[in-house]
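Worksheet: one structure, shown below.
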There are 2 protein chains.
Amino acid sequence: MARDCCATASVVEMGEEDGQEQVPNCISSIIPEWFSEISPMWPGEAHSLKVEKILFQGKSEYQDVLVFQSSAYGNVLVLDGAIQITERDECAYQEMITHLPLCSILNPKKVLVIGGGDGGVLREVSRHSSVEHIDICEIDAMVVEVAKKFFPDVAVGYEDPRVSLHIGDGVAFLKAVPEGTYDVVIVDSSDPIGPAQELFEKPFFESVAKALRPGGVVCTQAESIWLHMHIIEEIVSVCRQIFKGSVNYAWTTVPTYPSGVIGFMLCSTEGPPVDFQRPVNPIDENKDPCKAKGPLKFYNSEIHSAAFCLPTFAKRVINFN
Amino acid sequence: MARDCCATASVVEMGEEDGQEQVPNCISSIIPEWFSEISPMWPGEAHSLKVEKILFQGKSEYQDVLVFQSSAYGNVLVLDGAIQITERDECAYQEMITHLPLCSILNPKKVLVIGGGDGGVLREVSRHSSVEHIDICEIDAMVVEVAKKFFPDVAVGYEDPRVSLHIGDGVAFLKAVPEGTYDVVIVDSSDPIGPAQELFEKPFFESVAKALRPGGVVCTQAESIWLHMHIIEEIVSVCRQIFKGSVNYAWTTVPTYPSGVIGFMLCSTEGPPVDFQRPVNPIDENKDPCKAKGPLKFYNSEIHSAAFCLPTFAKRVINFN
């Protein structure tokens, strides 16, 4: 996820009077030497990671940025108190949000990523040899900088010559895109409270649909079936109004995200039909041209199809709203 | 899960000198008024739940037993510091560990549950009208008592007249079972450190295989692909030696279990072949005879098949060891 502005924890100045360095209060005020993720988006529960070393903390124009080395999950990127990626489990999120859309259509050529400043989605998009151009629009330059410094295996995605980085607002960027430009749009966004709220609203989805070619596909981060069914229900309803091809929900496991799962909306515009549950463009690991990226760790064609199978409580809401 | 003896947190006497009630140290010592699950089984991370009210704490012959009302997940059962069930997400674990085996064979009649003292697996087994008899062997009577008092929607499973409860050691119970007695054995066990260790070892699996009819099936709790691949690899290896029908691994999401997922080993004995991924005995919700149990919340035939699709990192270890 690119950023999240809803978490209560934030970086504050502490302990300067006795010569200590600044310590983020989400670490010092909860469990000593542990980072705890507490937010009104998931009240009454918190996931905590033991901190080995704080590697970076800063305040960008948009959010608090924290990077620490954890004892169990490698380096961890935290924006406004919410975990965005950890080295140990980022593969699940990045591979699924990317290959679910790209493996569902033949010969994707032009791809747009909104958010995703860490570069992980770029790394995955660049595995597809059919892709000719990848635009990425990330609002916060500091996220790109810390990713390149502390998450080299994620930010490796920027090394692909097909990538064009645009630092700016994704909503504005999309409005300026000529109609029918992209085969795929991936929205690697934060939660729909705060500045990212627009990325979950009807006008934004209308811009996405306009930017896609007929039969083009979008994949957006779409929260947890355990925590946010009311948000998912709304997104599904909006997408059904706008995307006249198909509208689907998929989910996967990410241990360091709240409730341990994250979901995706997968929609296509009117045009050549797309059956997301049956991937037509499988990734052949052996053909991967770039050794720096390493092999796929999480995604395969079977888990692609399985991701669309929902628990009954979620199916009742998503399929019949 | 029935019990877990590996967690470090335990119930201790505190604050008696100033007239306060006893407070479990897993609550008071981590985040005040929150329960934190810290264990050497998942070092460097902890899931925490806000406590509204402590409902019960005691020490049985086998373990520390704690029940509290959480603000986000309803009532929570904790054994030796590890969360076993919460009212909000128990459906995922209970429905999957039960219906994965029972829906994989035609006309299951005799079922044995090892562990599962809370009664949730019984509730699910009893949805199957073909079942004639259900034995359950739980080691700890206190677990049965607190489940009946604080988790009535789970312990409702005990109300089925087909159920026979045996308080005792599951290993000893199984040894005394005549060969070929059961169609299905479900092992709702704790983690393989401490007293439950035997339930993950070769002699136990041999007893299970002996107790099953030809083509009978077993489903055992089998840890998390994110945290315990080395344990899973060992279990798979042992099961391949013993179960000559088929050996499979499935997983599902449970937010309050470490890493947010839990897995299951599904094996069959030599005899009529069992294809676990294609359920032959689907549950028809509308035929449910007992209103007290409510409808299925999580399980359906699609999620049954999907549960066997593994992320690539797990597939490499499980399918080729």
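Annotation for the stretch B:49-130: GluC sites (Glu not before Pro) lying in DSSP loop with at most 14 further Cβ atoms inside 10 Å of their Cβ are B:Glu61. Amide H contacts for A:Val261 (H built 1.01 Å from N in the peptide plane; partners 5 or more residues away or on another chain; cut-off under 5 Å): A:Val254. B:Glu234 label point (Cα plus 7 Å toward Cβ) to equivalent points in the other copies: 4.8 nm, shortest first. Translational diffusion coefficient of chain A (Stokes-Einstein, Kirkwood radius from Cα pairs, 37 °C, 0.692 mPa s): 166 µm²/s. Distance from the A-onto-B rotation axis is smallest for the Cβ of the chain A residue given, in whole Å, as A:Gly260, 1.
Each other copy places its own label point for A:Gly215 at 4.6 nm from this one, sorted shortest first, where the point lies 7 Å along the Cα-to-beta carbon line. 3J(HN,Hα) along the stretch A:97-110: 5, 8, 7, 4, x, 5, 7, 8, 10, 7, 6, x, 10, 10 Hz, from the Karplus curve 6.51 cos²θ - 1.76 cosθ + 1.60 with θ = phi - 60°, whole Hz, x for Gly and Pro.
Please go through the residue pairs A:Lys109/A:Lys149; A:Lys50/B:Lys53; A:Lys59/A:Lys148 and name each one whose alpha carbons sit more than 20 Å apart in this structure. With Cα atoms farther than 20 Å apart: A:Lys109/A:Lys149; A:Lys50/B:Lys53. Placing a label point 7 Å from Cα along the Cα-to-Cβ direction at B:Ala141 gives distances to the equivalent points in the other copies of 7.2 nm, listed shortest first.
Take each residue in B:298-311, count the other chain C-beta atoms within 10 Å of its C-beta, and the mean is 5. The residues packed around A:Ala314, meaning those with a beta-carbon under 15 Å from its beta-carbon, carry a net charge of -2 if Lys and Arg are +1 and Asp and Glu are -1. 3J(HN,Hα) along the stretch B:302-315: 5, 6, 4, 5, 5, 4, 8, 7, 9, x, 4, 4, 7, 4 Hz, from the Karplus curve 6.51 cos²θ - 1.76 cosθ + 1.60 with θ = phi - 60°, whole Hz, x for Gly and Pro.
Adding -39500 (n - 2.57) for every DSSP H run of four residues or longer, then dividing by how many residues chain B holds, sets the calculated 222 nm ellipticity at -7000 deg cm²/dmol.
Take every pair of alpha-carbon atoms less than 8 Å apart whose residues are at least six positions apart; their mean separation over the length of chain B yields a relative contact order of 17 percent. For the stretch B:36-75, relative contact order (Cα pairs under 8 Å, six or more residues apart, normalised by length) works out to 32 percent.
For the segment B:67-79, counting C-beta atoms of other chains within 10 Å of every residue's C-beta and taking the mean gives 1.
Across the stretch B:147-165, the residues whose backbone nitrogen lies under 14 Å from the label position 7 Å along the beta-carbon direction of B:Ala141 are B:165.
Every read-out reported here was derived from the displayed coordinates using simple, explicitly stated rules and does not represent laboratory data. Bear in mind the structure is a predicted one, so any value in this text is a computation, not a measurement. Ideal geometry is used to build each Cβ from the backbone, glycine not excepted, and the neighbour counts take in all protein chains shown.
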